[in-house]
1. Condition (residue is touching a residue at least 40 places away in the same chain (Cβ under 8 Å), over 16 Å from F235 (Cα atoms) and surrounded by 17 or more Cβ atoms within 10 Å (Cβ to Cβ)) applied to segment 50-61: is it met by at least one residue?
2. Where residues in segment 185-207 are part of a loop (DSSP other than H, G, I, E, B) and free of Cβ contacts under 8 Å to residues at least 40 places away in the same chain, which of them is nearest to H112 (Cα to Cα)?
3. Looking at (1) closer than 16 Å to G148 by Cβ; (2) crowded, with 16+ Cβ neighbours inside 10 Å, find the lone condition where L287 falls short.
4. Based on this model, can you work out whether E109 counts as farther than 15 Å from F253 by Cβ and either in contact (Cβ under 8 Å) with a residue 12 or more places away in the chain or outside any helix (DSSP H, G or I) (or both)?
5. Quick one: which residue in G277, G247 is of a type in the set (G, A, S), over 15 Å from the mean Cα position of the chain (by Cα) and surrounded by 21 or more Cβ atoms within 10 Å (Cβ to Cβ)?
6. With among the β-branched types (V, I, T) and out of contact with any Phe, Trp or Tyr (no Cβ under 8 Å at 6 or more places or on another chain) as the only criterion, which of V94, V143 stands out?
7. Tell me which residues, restricted to segment 22-43, are touching a residue at least 40 places away in the same chain (Cβ under 8 Å) and assigned to a helix (DSSP H, G or I).
Amino acid sequence: MIAAEVTSVLAPWAWPVLLGAIGSALLVDILIMHRRPHVASLREAATESAIWITLGVSFVGIIWLAYPRADSGALSVQYLAAYLIEKSLSVDNVFVWASIFAHFGVPREYQHRTLFWGIFGALVLRFMFILVGTTVIERFEIVMLLFGAFLIFTGSKIVRGKDADHDPGDSVTLRVFRRLVPSTTAYDGQKLWTRVNGRRLATPLLAVLVVVEMSDVVFAVDSVPAVLAVSREQFVVFASNAWAILGLRALYFLLADMRSRFVYMPHTIALLLVYVGGKMIAAYFGLHIPVLLSLAVVVSFLAGGVLLSLAVSRRRGYSSVPRP
């Protein structure tokens, strides 16, 4: 097994509560907090990020109530471990988004709306990945070995520096998009489509959205198997993924200008991938690592990576966050 086997009956109200909470949070975000385009201040981004993290961590209470008491404790720990793994692996998303927006010259006040639709698409994509992943693993146990080996390989590539960023504008997807979709090079506020001389054309924001979605496909290939190493319970896995990526927009505006300060985060992510990959391989051969221990390992890796990065950046004289 990948994670501790927990066969339990999920309360019928759990999925409606999760989907309702996600929908409500998205509506509040887009209709109230970001109704008008503006450049988020550092304080605003930090406050929103704290709110999203609080919502994500607090959802463990729903996990506790949604399952029978005999299983709720184990599944709650699985949820927290999965949430932290997904959150940490998603840090790379933030820096890739920064690179994409910089390449296309997207004004900062329009970036939130683009990420909103990007996150919405990512939620649908992650649900499909999780549904397929859990089903395949249940039927073909050996897939664990493949997932584990792939995560270790990905982690080793990061350590060796072979996971460098590519030019966001030079991709097969974008070339095909530009060939098939009539587009304009001029922005029209936050609109994805505009009309020029009576023709309906895609604005550069739609091309950016396509690149953002494709970047999430790449990250999902790493993060979903990593989370499946902690839990196979679809509700737990999707809930942890959903709350982790819902807070990425606020995290982006908080961290996008701070990549040089988090010098050890790539190493932290690599260690997490190697650890989780090793956990999956060990579990296939019957060597089970308790989820509580995995949670402690994840927290230790994250804390160590952040503290070392902050210490090094302080030594190099980074004392403030540059804002454009």
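The values are calculated or read from the model by the stated rules, or taken from the named source; none is laboratory data. Fair warning: this is a prediction, and the values are worked out from it, not measured in the lab. Cβ atoms come from the backbone with ideal geometry, glycine included; neighbour counts cover every protein chain shown.
1. Yes: one or more hits.
2. Filtering segment 185-207 down to residues part of a loop (DSSP other than H, G, I, E, B) leaves 185-192, 197-198, 203.
Remaining after also requiring free of Cβ contacts under 8 Å to residues at least 40 places away in the same chain: 185-186, 188, 191, 197-198, 203.
On the way: T185: 20, A186: 18, D188: 15, K191: 12, N197: 28, G198: 28, T203: 16 Å.
My answer is K191.
3. Answer for L287: the failing condition is (2).
4. no
5. Answer to the check: G277.
6. None of the others qualify; the one that does is V143.
7. Listed by number, the residues that qualify are I22, A25, L26, D29, I30, L42.
Residue-wise test of (1) assigned to a helix (DSSP H, G or I); (2) modelled with pLDDT under 85.
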| site | (1), (2) |
| --- | --- |
| V237 | yes, no |
| S260 | yes, yes |
| V263 | no, yes |
| G304 | yes, no |
